[in-house]
Amino acid sequence: MTIFNTFDISASGLSAQRQRLNVISENMANVNTTRMPGGGPYRRKNVVLESEPMEKFASMLETPEKVKVVAVKEDPQEPRVEFDPTHPDADDKGMVAMPNVNPVLEMVNLTMASRAFDANVSVIRTAKTMAQKAIEIGR
């Protein structure tokens, strides 16, 4: 595996985690959104990641794999229902359909995505330092 493969793999991880961070931020921003253009409350979204083998045959023998975002899907869990007769979206019984977003779960996901992002940055920095040291040795 070359140093460039390392950069490619880490870059794909950075891109995937950035997308995950964006979706988590969207979920957190819509934690109280009860009305969407399509009707009903906001539905929590999840990013689906998948490993992707490198294109070159030689790299297939070493099995390095990149990561890619396959889809962003809505969570199938039903919205939670709260009693609030003063809410503009309350039904005749005073019940309001709220988004299925759990802020605690989103914060855990945010921390995990952030740490994965930082780990990929660390790999790129280390590979860069190794490449610089190799150039210095070659002088």
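Values in this text are rule-based calculations from the coordinates and carry no lab data. Fair warning: this is a prediction, and the values are worked out from it, not measured in the lab. Positions of Cβ are generated from backbone atoms using ideal geometry, with glycine treated the same way; all protein chains shown enter the neighbour counts.
Per DSSP helix of 4 or more residues, -39500 (n - 2.57); summed, then divided by the residues of the chain. What does that give at 222 nm, rounded to the nearest 500?
Only helices count here, giving -17500 deg cm²/dmol.
Can you compute the FRET efficiency between S51 and R125 using 1/(1 + (r/R0)^6), with r the Cβ-Cβ distance and R0 = 22 Å? Round to the nearest 0.05.
0.45
Relative to the Cα centre, what is the charge dipole magnitude of the chain, using +1 at the beta carbon of each Lys and Arg, -1 at the beta carbon of each Asp and Glu, and rounding to the nearest 20 debye?
660
Multiply the residue gap between V108 and T33 by 0.36 nm, knock off their C-alpha separation, and tell me the result in nm, one decimal place.
Extra length available between V108 and T33 comes to 24.9 nm.
Straight-line reach from K73: which aspartates and glutamates fall under 20 Å, measuring Cα to Cα and dropping same-chain residues less than 8 apart?
E26, E50, E52, E106
Convex hull volume of the Cα atoms in the range 3-138, per residue, in Å³?
Looking at the range 3-138, the number lands at 125 Å³ per residue.
Any idea what angle helix 103-138 forms with the longest principal axis of the chain, computed on alpha-carbon atoms, 0 to 90 degrees, nearest 10?
10
Which of the listed residues, G13, A113, V23, is farthest toward the dipole's positive end in the range 3-138, when Lys, Arg count +1 and Asp, Glu count -1 at the beta-carbon?
G13
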